[in-house]
Amino acid sequence: MVDVKERPKARNNSPNDAAPDIRKIGVIGAGQMGNGIAHVCALAGFNVLLNDIAVERISEGLATISGNLARQVSRQRITDEDREATLKRIVPAHTLAELGDCDLVIEAATEKEEVKRKIFTAVCATLKPEAIVGTSTSSISITRLASASDRPERFIGIHFMNPVPLMELVEVIRGIATGDGTFEATKQFVGKLGKQIAVSEDFPAFIVNRILLPMVNEAIYTLYEGVGNVEAIDTAMRLGAHHPMGPLELADFIGLDTCLSVMQVLHEGLADSKYRPCPLLVKYVEAGWLGRKTQRGFYDYRGEKPVPTR
């Protein structure tokens, strides 16, 4: 048996996979993850094109970025000059064709494989041959997503944590065909953002969500089975395990639809019953109660302060 440490790092040394000089970034998806990625890229000095299927979503994303930068100024983490320069580096891109001269494009769309595959097929047709395509998927196989592109050797997982401007970690995941040049260029890029890297193998949900989401799912089972109510479960984990946020509050923050998608990927990909999504999670998603983004989940956010819904 070969020890893990002895495995060769090189997987694809194709001469066509030389590490490109990444200067211009395209971000597909202006929602919670996408606008956060655009924020940190522009703040680090990269020029950014922000794309979404609807113009109003781009406008909302830019407004969120502006507000988050203002918050950083008020906390003296950046200067007002930094804020202004960052905003100037982000330009709306209303079509995928406008991303054609980007050195790196990062997809941050909804956690649905069929949606992501369509995006990769469409955007790759517009990109220059040397451009790298990254996905910030939280659970889906990088190898499988890469097969929807025309450049699997230049395709890689770049999984940012939420909220992107605050979280220090980025998971970097190679697909089976990801080239060494792409891998090295991605690591350099993430380093320039001031983030730490955890390299994960291409297994369902990678590292963070492989550990985190089953815990969240178990908390929902604890609620479903009547062991405790929402408030008791979250208080128990905040005070008893010193978690900064209770698991049900965290689920609402992540988005219950995303939680369900990750659990489905784990359940289907690993074929283990311990990853079965809780029926209560399924019911909430079917009701459209997806957490903070829809104002209702395990808490109701429509009043002055959140109120448990169970």
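Could you tell me which of A185, Q76, G228 has its Cα farthest along the dipole of the chain towards the positive end, charges placed at Cβ (Lys, Arg +1; Asp, Glu -1), taken about the Cα centre? About the Cα centre, the residue reaching furthest to the positive side is Q76. For GluC sites (Glu not before Pro), the sites in segment 250-310 that DSSP calls loop and that have at most 13 other Cβ atoms within 10 Å are E304.
Evaluated with a Cβ-only charge set (Lys, Arg +1; Asp, Glu -1), segment 208-308 carries a dipole of roughly 140 debye about its Cα centre, given to the nearest 20. Considering only V164, I176, L99, the residue lying farthest towards the positive end of the dipole of segment 86-181 is L99, judged by Cα position with unit charges set on Cβ.
Roughly how many Å is it from the Cα centre of segment 84-117 to that of segment 231-278, as a whole number? Segment 84-117 and segment 231-278 have Cα centres separated by 29 Å.
For the chain, the longest principal axis of the Cα atoms and the long axis of helix 32-43 meet at an angle of about 40 degrees.
Evaluated with a Cβ-only charge set (Lys, Arg +1; Asp, Glu -1), segment 4-200 carries a dipole of roughly 400 debye about its Cα centre, given to the nearest 20. Our analysis of segment 64-200 gives Rg over Rh at 0.98, with the two radii drawn from alpha carbon positions and Rh computed by the Kirkwood formula.
To the nearest ten degrees, helix 256-270 and the longest principal axis of the Cα atoms of the chain are 70 degrees apart.
Rounded to the nearest 20 debye, the dipole size of segment 134-238 about its Cα centre is 340 debye, using +1 on the Cβ of Lys and Arg and -1 on the Cβ of Asp and Glu.
Summed over qualifying helices (DSSP H, 4 residues or more, each -39500 (n - 2.57)) and divided by its residue number, the chain shows a 222 nm mean residue ellipticity of -13000 deg cm²/dmol. Along its three principal directions, the equivalent ellipsoid of the chain from the Cα gyration tensor extends over semi-axes of 32, 25, 18 Å, largest first. Using Cα atoms only, what is the angle between the long axis of helix 113-124 and the major principal axis of the chain, expressed in degrees (0 to 90) to the nearest 10? Its long axis makes an angle of about 20 degrees.
Taking +1 at the Cβ of each Lys and Arg and -1 at the Cβ of each Asp and Glu, which of P214, A85, C124 sits farthest along the dipole of the chain towards its positive end, judged by Cα position relative to the Cα centre? Checking the options against the dipole of the chain, the answer is A85. When each of the peptides 96-103, 212-219 is scored by the mean number of other C-beta atoms lying within 10 Å of its residues, the order from highest to lowest reads 212-219, 96-103. The value of relative contact order for segment 208-308, using C-alpha pairs under 8 Å at least six residues apart, is 26 percent. Stokes-Einstein diffusion for segment 208-308 at 10 °C, viscosity 1.306 mPa s, with a Kirkwood radius from C-alpha pairs, works out to 117 µm²/s. Cross-link partners for K116 among the lysines, with Cα-Cα distance under 30 Å and sequence neighbours closer than 8 places in the same chain left out: K9, K24, K88, K128, K187, K192, K195, K274, K283, K293.
Read the figures in this text as sums done on the coordinates, not as results from a lab. Just so you know, these numbers come straight off a predicted model, no measurement behind them. In this analysis, Cβ positions are derived from the backbone assuming ideal geometry, glycine residues included, and neighbour counts consider all displayed protein chains.
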